[in-house]
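Structure record follows, encoded as structure tokens.
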């Protein structure tokens, strides 16, 4: 578990990107394995589309912020084991969903949720859910 919020933790991520966004707490924790998976994904997107980057919209959440965001009571965000990622710059949403699905399918790790705003990745049981308003093929 990474607990130092100012650390540069990979080539592409600073731990601060995973902090709670409530602006009231100083809560921070993120599972190292989640960062390893996201680093590989971010590097892959950069190789596919040079200059494309994605933003971690939500990593760790304190209980109050999780409730305010409509998060599940036992959300993996509470344990620093989940991240919500926006669709990268320079990449259309359908392409990003296909990329994230392919990466998730090959890694056989955790959960992948597809949304109009981007994707949710976590370290929970292997599962897939699709909440996009338009369901484009993933393969």
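Here, each number is a calculation from the coordinates, and none is a lab measurement. No experiment lies behind these values; they were computed from the predicted model shown. Neighbour counts are summed over all protein chains in view; Cβ atoms, including those assigned to glycine, are modelled from backbone coordinates with ideal geometry.
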Only helices counted: for the chain, with every DSSP H run of 4 or more residues adding -39500 (n - 2.57) and the sum spread over all residues, [θ] at 222 nm is -8500 deg cm²/dmol
Quick note, region 60-118: a/c under 1.5 would make it rounded; otherwise a/b > b/c is prolate and the rest oblate (a ≥ b ≥ c, C-alpha gyration tensor); here it is oblate
Taking a ≥ b ≥ c as the square roots of the Cα gyration tensor eigenvalues, with a/c under 1.5 meaning rounded and otherwise prolate when a/b beats b/c or oblate if not, region 15-130 comes out prolate
Packing-ranked peptide list from 116-124, 25-33, highest mean Cβ count within 10 angstrom first, is 116-124, 25-33
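For the pair residue 6 and residue 106, what calculated FRET efficiency results from E = 1/(1 + (r/R0)^6), where r is the Cβ-Cβ distance and R0 = 30 Å, to the nearest 0.05? List each step's numbers first, then the result.
Working: r = 33 Å, r/R0 = 1.08.
After rounding, the FRET efficiency stands at 0.40.
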Measuring from the longest principal axis of the C-alpha atoms of the chain, the long axis of helix 93-107 (C-alpha) lies at a number of degrees, nearest 10, equal to 80
Once both label points are put 7 Å beyond Cα along the C-beta direction, the residue 32-residue 132 separation in nm becomes 3.5
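What does DSSP give for region 32-138 in terms of the percent of beta bridges that are antiparallel, rounded to the nearest 5?
Given both bridge residues lie in region 32-138, the antiparallel proportion sits at roughly 75 percent.
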Relative to the chain, whose Cα atoms define the longest principal axis, helix 32-48 and its Cα axis are tilted in degrees, nearest 10, by 40
Ordering 83-90, 44-51 by per-residue average of other C-beta atoms within 10 angstrom, highest first, gives 83-90, 44-51
